[in-house]
Amino acid sequence: MAENENGQEKTEQPSAKRREEAEEKGQVAKSQELNSVAVIAAMLIVFKFMSDSFGASIKGYMGYMYSESGVYDLNLNSFVDIMAHTMMTTVKVLGPILLTVLLFGIMSNVGQVGLVFADKAMKPDFSKVNPMKGLKRMFSTRSLVELLKGVIKIAIIAYIGYSVLEGFYGSYLIMPSRSVAEIAAFLADSIYEITFKILLALLLMAIADFAYQRYEHEKGLKMTKDEVKDETKQSEGDPKVKSRIKSIMRQRSMDRMMSKVPDATVVVTNPTHFAVALLYDPASKSDAPKVVAKGKNLIALRIKEIAAENNIPVIENKPLARSLYAMVEVDQEIPELLYQAVAEVLSQVFQGNRSRYNQIQGALNG
């Protein structure tokens, strides 16, 4: 199993960030064998379909040079004319070959890795010319695999070449009796067959090599548990810091809520587990009481302590306390469903003030 420099095992799958960083550095799963096969295929296709055109161009050029060689005066004008014909023939012959090879090369690379612009790979990296690292790479597993691939390729090419030439052995014996055109056609067919069979063999090797490169690439991108933790901290922040920030925010929210308890009209309790502070202000635009603080257990105890310190009435009503705690958030008005129950609690608070009591009953029930 892969290990990093600290000896830790890389057991975790690479993250999206890890893959992006690798692409920026040009570290992608790519097989050079597929590129080689693409180049050979391009040349084979060009020669297969354009060999007659190439032959005609070369024949016309050679005929022109021989026919005009005896009548040309070697001067600047004749030299320019000769160079023009030479360049024209070169473009006709090499142009289609180079363009097709370029196209197939681009298709091979894009097909393997997509459109990747590795700007970091273009920057000079002097660590790559480190002699010690060079020696280490020479005796690495990857170097041994590349050596093995080279030996296998040479063996395959040699075997295919020998088997094809052996099949044409009888034809070679009668070559002296054939015309130049027949010999040329025979050699072209032989070369084409050898190249085509070599191409098929190399294609199978290239597919296997691409699968191996993908495997090696994925193995190299794997991360240790510590690397995953460090990346999470960098991208999302330190969990301890985030927890501390949340704790501070909760505390501040709690302090704001507790600061409203002294202004409450009444605190409804259950009596030990829940406490809800209600504010009722008949002069406000809303006629309904509002929850200004609520809590359970220790928070409920603190609400009752603040209420006692500020002479806020504390009334025990278990069903109402539970309903208010579950149904109403802080700074929200109570729902109509609880109007009657809250009106009864408020009536206890203002039972000594008959006019205020009637005002509450009229507002909540009307």
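Please determine whether any residue of region 156-169 is assigned to a helix (DSSP H, G or I), closer than 30 Å to LYS59 by Cα and free of Cβ contacts under 8 Å to residues at least 12 places away in the same chain.
Yes, because at least one residue in region 156-169 is assigned to a helix (DSSP H, G or I), closer than 30 Å to LYS59 by Cα and free of Cβ contacts under 8 Å to residues at least 12 places away in the same chain.
Take the conditions buried (at least 20 other Cβ atoms within 10 Å of the Cβ), part of a helix (DSSP H, G or I) and in contact (Cβ under 8 Å) with a residue 24 or more places away in the chain and apply them to ILE299. Does it pass?
In short, no.
For every residue, the table says whether it meets (1) at pLDDT 80 or above; (2) assigned to a helix (DSSP H, G or I); (3) more than 16 Å from THR272 (Cα to Cα).
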{"position": "PRO282", "(1), (2), (3)": "no, no, yes"}
{"position": "ILE303", "(1), (2), (3)": "yes, yes, no"}
{"position": "ILE306", "(1), (2), (3)": "yes, yes, no"}
{"position": "PRO319", "(1), (2), (3)": "yes, yes, no"}
{"position": "VAL330", "(1), (2), (3)": "yes, no, yes"}
{"position": "GLN340", "(1), (2), (3)": "yes, yes, yes"}
{"position": "ALA343", "(1), (2), (3)": "yes, yes, yes"}
{"position": "LEU346", "(1), (2), (3)": "yes, yes, yes"}
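Any idea which of (1) aromatic (Phe, Trp, Tyr); (2) within 28 Å of ALA181 (Cα to Cα); (3) at pLDDT below 80; (4) touching a helix residue (DSSP H, G or I) at 6+ places or on another chain (Cβ under 8 Å) is the one TYR72 doesn't satisfy?
Here TYR72 clears every test but (2).
Can you tell me which residues in region 75-120 are at pLDDT below 80 and of a type in the set (A, V, I, L, M)?
Result: LEU76, VAL110, VAL113, LEU115, VAL116, ALA118.
List the number of the failed condition for LEU74; all other conditions in (1) exposed (fewer than 12 other Cβ atoms within 10 Å of the Cβ); (2) in a helix (DSSP H, G or I); (3) aliphatic (A, V, I, L, M) hold.
(2)
Just wondering, is there one or more residues in region 305-314 that are in contact with a Lys or Arg (Cβ under 9 Å, 6 or more places away or on another chain), assigned by TED's automatic domain parsing to the domain that holds THR265 and not aliphatic (A, V, I, L, M)?
There is no residue in region 305-314 that is in contact with a Lys or Arg (Cβ under 9 Å, 6 or more places away or on another chain), assigned by TED's automatic domain parsing to the domain that holds THR265 and not aliphatic (A, V, I, L, M).
What about SER323, is it modelled with pLDDT under 85 and over 20 Å from MET254 (Cα atoms)?
In short, no.
Residues to consider are PRO271, PRO282; find the one that is surrounded by fewer than 17 Cβ atoms within 10 Å (Cβ to Cβ), out of contact with any Lys or Arg (no Cβ under 7 Å at 6 or more places or on another chain), closer than 30 Å to LEU298 by Cα and outside the structural domain of SER31 (by TED's automatic domain parsing).
Answer to the selection: PRO271.
The values are calculated or read from the model by the stated rules, or taken from the named source; none is laboratory data. Predicted, not measured: the structure shown is a model, and the values here were computed from it. Heads up, the Cβs are rebuilt from the backbone with ideal geometry, glycines too, and the neighbour counts pull from every protein chain shown.
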